[in-house]
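Read-outs throughout are calculated quantities, based only on the coordinates presented, and are distinct from any laboratory measurement. Worth saying up front: this structure is predicted, and the values here are computed from it rather than measured. Note that we place each Cβ from the backbone using ideal geometry, even for glycine, and neighbour counts take in every protein chain shown.
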Amino acid sequence: MNEDLISKYNVPTPRYTSYPPANYFHDKFTNEDYEKAVIASNETTPQNISFYIHIPFCRHLCHYCGCNSYPMAKPEIIEAYVDAVKKEIRKVIPLINKSRKISQIHYGGGSPSSIPLHYIQEINELLLSNFECIDSPEIAIECHPGYLDENNWMQLINAGFNRCSIGVQDFNSKVLKGVNRRPSLLEMETIFGLLRAFNVSINMDFIYGLPYQSVQSFEETLQKAAALKPDRLVTFSYAHVPWVNKAMMILEKNGLPSPQEKSAMYDAAKRILAAKGYQPIGLDHFVLPDDDLNIALQSGQLHRNFQGYCTRKTTGQVYAFGVTGISQLSMAYSQNTKSIPEYIQKMNDGEFAIIKGYTLNNEEQIAKEVITTLMCNDRLSWKELSAHIGVGESDIKNAISYDENKLADFEKDGIINYSPEEIKITQEGAIFVRNVAAAFDPLMKDNTKMYSKPV
């Protein structure tokens, strides 16, 4: 990557896992607003249902983590928390039209696989007993392999999961020790054998930009990962946000790779995985050619939410449960409290635990579609988008920050190919797709909020 381009475009930029980004949520959004938004979601698209369950607990906390995670609690607190999640589910279920179908269930954290796994099975059974599913729904969980033995993996299979995202992060023991992460308890080949025997799809998650990583060491990690042939590989760029997690300051002391080194790691990942037959999806995913995500990308039907990339088929409005869970409805976002005791108390009192949220106006709903389409599919056809959302092309451009001079500048730098009809992100510009999306974002004018850098 040209160092001049890195210097020019490696500036704090939203990740756009939502639009507007989560730091626009505000505390004037109430429990009543959330209940109204859930009821209204029955009449809007997409009609599918996506459930997200946040399990905040970890056996120990990794220094790089920017998620809402908490140290493992006593057994009675775990039980009380799971009971509270079930109460929240039972409070939301009557508000959702029973004719709608589940397309996705996703567990995140924290480390959801860190708690006794019978609790996870109970939550799944509660959700699945109240709604029908589409054909082949995605039932997924993020797994920390450092604490799971063969019996634990079988428990997850028996709980109905058909996709497991294994948080490897790196195979290098020095890197893992430097970020306070425990390596896998079982050999990865053993885990793959167990899951493959029951047709469970496998994701492997990695992070680049950590202390003690080098281009060579990251190449070695990816070579080992690709040899296992997981269905999907994810290479997240480490987001250094010490104002979110002070533990990240420890990583500064250990030394972080430069933006140029991170860019080289990203390029190495693309090169190695392409040689193994993987196709790039968005910023950070790589999948096999026959994967649903690649098929959706080729037809411009790729979508994304806080849980990651999905197809239009599995896309649903997201109803989130647990502390800090963010519901992503067609016209609103809402987030639960971060406090575990407060969350449990609110659920015991029969209340919602909304701490903040955001209602999108018409222009923001249009900007959301523009930015999501570009971020997911690396291309944007004004005609196709107009047909999809039922808004005229000129009205779309009027609702966003459409500036042909900015587009011409991106094209000059090789970030995009641009015509009046369509914008395409180039292979070289893929790492800066966030910058292109931000150029369309009206909220970035006079913006003072804090973000991580693309590289």
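Electrostatic bookkeeping for residue 103 treats Lys and Arg as +1 and Asp and Glu as -1; over the other residues with beta carbon under 9 Å from its beta carbon, the sum is +1. Model label sites at residue 274 and residue 125, defined 7 Å from Cα along the beta-carbon direction, differ in position by 4.9 nm.
What does the C-alpha gyration tensor say about the overall shape of the stretch 362-455? Classify as rounded when a/c is under 1.5, otherwise prolate if a/b is larger than b/c, or oblate. Because a/c hits 1.5 or more and a/b fails to exceed b/c, the stretch 362-455 counts as oblate. Length gained on full extension, residue 177 to residue 260: 27.5 nm, using 0.36 nm per residue less the C-alpha separation.
Going from the residue with the fewest nearby Cβ atoms within 10 Å to the one with the most, 115, 77 rank 77, 115. Take the Cβ atoms of residue 249 and residue 136, set R0 to 30 Å, and the FRET efficiency comes out at 0.10.
In the chain, if the dipole is taken from +1 on Lys/Arg beta carbons and -1 on Asp/Glu beta carbons about the Cα centre, which of 134, 68, 365 is farthest to the positive end? Going by the charge dipole, the pick is 68. Modelled spin-label separation between residue 220 and residue 90, with each label point placed 7 Å from Cα along the Cα-to-Cβ direction: 5.3 nm. Considering only beta bridges that DSSP places wholly inside the chain, some 45 percent are antiparallel. Model label sites at residue 4 and residue 101, defined 7 Å from Cα along the beta-carbon direction, differ in position by 5.4 nm. When only Cα pairs below 8 angstrom with a gap of at least 6 residues are kept, the chain shows a relative contact order of 22 percent.
Taking 0.36 nm per residue of separation and subtracting the Cα-Cα distance, full extension of the segment from residue 417 to residue 330 would add 28.3 nm. In terms of distances greater than 24 angstrom between alpha carbons, the cross-link table entries 313/453; 86/449; 406/453; 87/338; 98/368; 28/449 yield 313/453; 86/449; 98/368.
Please give me the summed charge of the neighbours of residue 321: other residues whose Cβ is under 9 Å from its Cβ, Lys and Arg +1, Asp and Glu -1. Net local charge, residue 321 excluded: 0.
Counting Lys and Arg as +1 and Asp and Glu as -1 over every other residue whose Cβ lies under 12 Å from the Cβ of residue 205, the net charge comes to -1.
Mean residue ellipticity at 222 nm, helices only, the chain: -11000 deg cm²/dmol; runs of at least 4 DSSP H residues each add -39,500 (n - 2.57), and the sum is divided by the number of residues. Between 37, 112, 148, the Cα set farthest toward the positive side of the dipole of the stretch 34-165 (charges on each charged residue's Cβ, about the Cα centre) is that of 37.
Positive end of the charge dipole of the chain (Lys, Arg +1 and Asp, Glu -1 on Cβ, about the Cα centre): tell me which of 347, 451, 247 has its Cα farthest that way. Comparing the listed Cα positions along the dipole, 247 ranks first. As an equivalent ellipsoid, the stretch 249-390 spans semi-axes of 32, 25, 15 angstrom, where each value is the square root of five times an eigenvalue of the C-alpha gyration tensor, largest first.
A Cβ-based charge dipole, computed about the Cα centre of the chain with Lys and Arg at +1 and Asp and Glu at -1, lands at about 700 debye.
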